[in-house]
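What follows is a single structure, written as structure tokens, with notes after it.
The values are calculated or read from the model by the stated rules, or taken from the named source; none is laboratory data. Please read all numbers here as calculations on a predicted model, not as lab measurements. Heads up, the Cβs are rebuilt from the backbone with ideal geometry, glycines too, and the neighbour counts pull from every protein chain shown. These accessible areas exclude ligands, DNA and RNA; they are computed on the full protein's heavy atoms, side chains included. Shrake-Rupley method; radii C 1.70, N 1.55, O 1.52, S 1.80 Å.
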Amino acid sequence: MFKRAGLTLAICLSVSSALFAQATATISGRVVDQAGAVLPGATITVTNAGTGAVRETVTNEEGLYSVPALLPGKYK
């Protein structure tokens, strides 16, 4: 029984460290023109400055956008 408990503890510890390393972030916002009117259908491009990885999305009918699951880093 103690052997099984030790094995269970070892598995839990190894899995928890893997889950901790999977941190991501989301960039979101709203696009409006100079008069404050929303801009639906605007293309948003997010570029990771370190890797050059590019993600794109399009604003919805309210001018809102969201780019989820971004890896840690600096973005343009």
### Query
Name the pairs: first residue in segment 53-76 and under 18 Å from Gly41 (Cα atoms), second residue part of a loop (DSSP other than H, G, I, E, B) and hydroxyl-bearing (Ser, Thr, Tyr), Cβ to Cβ under 6 Å, at least 6 apart or on different chains?
Tyr65/Thr59
### Query
Going through segment 60-76 one residue at a time, which ones are farther than 18 Å from Ala23 by Cα and either part of a loop (DSSP other than H, G, I, E, B) or open to solvent by 60 Å² or more (accessible area, probe 1.4 Å) (or both)?
Asn60, Glu61, Glu62, Gly63, Leu64, Lys76
### Query
Could you give every pair whose Cβ atoms fall below 9 Å, whose first residue belongs to segment 24-37 and is at negative phi, and whose second residue is open to solvent by 70 Å² or more (accessible area, probe 1.4 Å) and modelled with pLDDT under 95, counting only separations of at least 6 or pairs across chains?
Thr24/Leu71; Thr24/Pro72; Ala25/Leu71; Ala25/Pro72
### Task
Report, by residue number, each residue of segment 41-59 that is open to solvent by 70 Å² or more (accessible area, probe 1.4 Å) and part of a strand (DSSP E or B).
Thr43, Val54, Arg55, Glu56, Val58
